[in-house]
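Each remark here refers to the structure printed beneath this line.
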Amino acid sequence: MNEDTGAEYLTPWQLSRCVDGGGVGLVESSCCAGFSKGDVVTDFNWPWQTHAVLKGGAVQKVDPQLVDGRLSYFLGAVGITGLTALLGVREKGHITTGGNQTMVVSGAAGACGSIAGQIGRLDGCVRVVGICGSEEKCRVLVEDLGFDAAINYRQEDVSTKLRETCPHGIDVYFDNVGGSISDSIITQMNSGGHVILCGQISQYNKDVPYPPPLSEETQEALRRKSITRERFTVLNYMNKAGEALCELSTLVKSGQVKVLETVVDGIENMGDAFCSMMKGGNVGKQIIKISD
């Protein structure tokens, strides 16, 4: 929404132009080779419209069988969001089986964080702790997704609860939020730990570069403990996307990874749903259902 998005892969929305975002839909007619009526396609820059004319080179055909017909999963768990979670953990988390590692995820009840925590557990972390913004989200993380513990940052002191829920320190941190929550987590990380720098949503409205600068205390903790903190952009790993999407499909179908969605009906509710998401009103992926 800013004139400069700060991300080379995201262009700003333009005044008097249709807003866009991730979308999936059916081809009604096509003049492009390789696309036929009834094909399911998805795109990262899908216009917020009930019907749209799109360039063939901009959309990707997907197989509904990968998601057992749940097409919205292509926007979340078996799409770019799931890829971000899976490849982020694999490329930057350095989780090893038998490593007795503890993982913390901020924004843990969101579309990406909820998948990342489950991947961390499947890949060998002995303890996974999520941070989120409500008691209901904490309940979902522990009871439905198998997190070992969850912290409500709106009602609990994060530093104190981290010491209680991570008695052996923190080895892997999947960072979706930045700010004071990340400062609290990083200062309690073990030597040789790894920060997966996925997002910094608490900082996006501030006039600072990305990634935003850390406090001197946090920066010193990184240096003293030799903790890696590298920006992760999933688009740099798209050569691994095909295999990773097949794995995500298998994990979702088998129930090893559970999918959270908040679904709102009707394109007329797009604005309300977007604002709710930005305030943390969603659990899992925020989806707008346009039609059956």
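The values are calculated or read from the model by the stated rules, or taken from the named source; none is laboratory data. No experiment lies behind these values; they were computed from the predicted model shown. Here Cβ is always computed from backbone atoms with ideal geometry, including for glycine, and neighbour counts include all displayed protein chains.
Here are a few things to note about the model shown:
- Selection status of Thr50, within 20 Å of Asp292 (Cβ to Cβ) and part of a loop (DSSP other than H, G, I, E, B): yes
- Residue selected from segment 261-287 under the condition β-branched (Val, Ile, Thr) and free of Cβ contacts under 8 Å to residues at least 40 places away in the same chain, by the criterion nearest to Pro211 (Cα to Cα): Thr262
- Residue in segment 19-41 that is assigned to a loop (DSSP other than H, G, I, E, B), within 27 Å of Pro64 (Cβ to Cβ), modelled with pLDDT under 95 and under 27 Å from the mean Cα position of the chain (by Cα) present: yes
- Lone unmet requirement of (1) charged (D, E, K, R); (2) surrounded by 24 or more Cβ atoms within 10 Å (Cβ to Cβ); (3) farther than 27 Å from Glu220 by Cα for Asp148: (2)
- Members of segment 118-154 found to be without any contact (Cβ under 8 Å) to a residue 40 or more places away in the chain, more than 23 Å from Thr262 (Cβ to Cβ) and assigned to a helix (DSSP H, G or I), listed by number: Asp123
- Residue within segment 107-118 that is more than 17 Å from Leu251 (Cβ to Cβ) and out of contact with any strand residue (DSSP E or B) (no Cβ under 8 Å at 6 or more places or on another chain) present: no
- Residue in segment 73-90 that is of a type in the set (Phe, Trp, Tyr) and out of contact with any Asp or Glu (no Cβ under 7 Å at 6 or more places or on another chain) present: yes
- Only one of Thr84, Thr97 that is in a helix (DSSP H, G or I) and either touching a Gly at 6+ places or on another chain (Cβ under 9 Å) or not acidic (Asp, Glu) (or both): Thr84
- The residue of segment 32-74 that is surrounded by the fewest Cβ atoms within 10 Å (Cβ to Cβ), among those that are of a type in the set (S, T, N, Q) and under 24 Å from Met270 (Cα atoms), is Thr50.
- Those residues of segment 189-224 which are modelled with pLDDT of 90 or more and either at positive phi or more than 23 Å from the chain's Cα centre (by Cα) (or both), in sequence order: Asn190, Ser191, Gly192, Glu216, Glu217, Thr218, Gln219, Glu220, Ala221, Leu222, Arg223, Arg224
To keep it simple, each residue is scored yes or no on (1) under 15 Å from the mean Cα position of the chain (by Cα); (2) within 22 Å of Met277 (Cα to Cα); (3) surrounded by fewer than 16 Cβ atoms within 10 Å (Cβ to Cβ); (4) among the polar types (S, T, N, Q).
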position	(1), (2), (3), (4)
Lys92	yes, no, no, no
Gln101	no, no, no, yes
Ala109	yes, yes, no, no
Asp123	no, no, no, no
Arg127	no, no, no, no
Gly130	yes, yes, no, no
Glu135	no, yes, yes, no
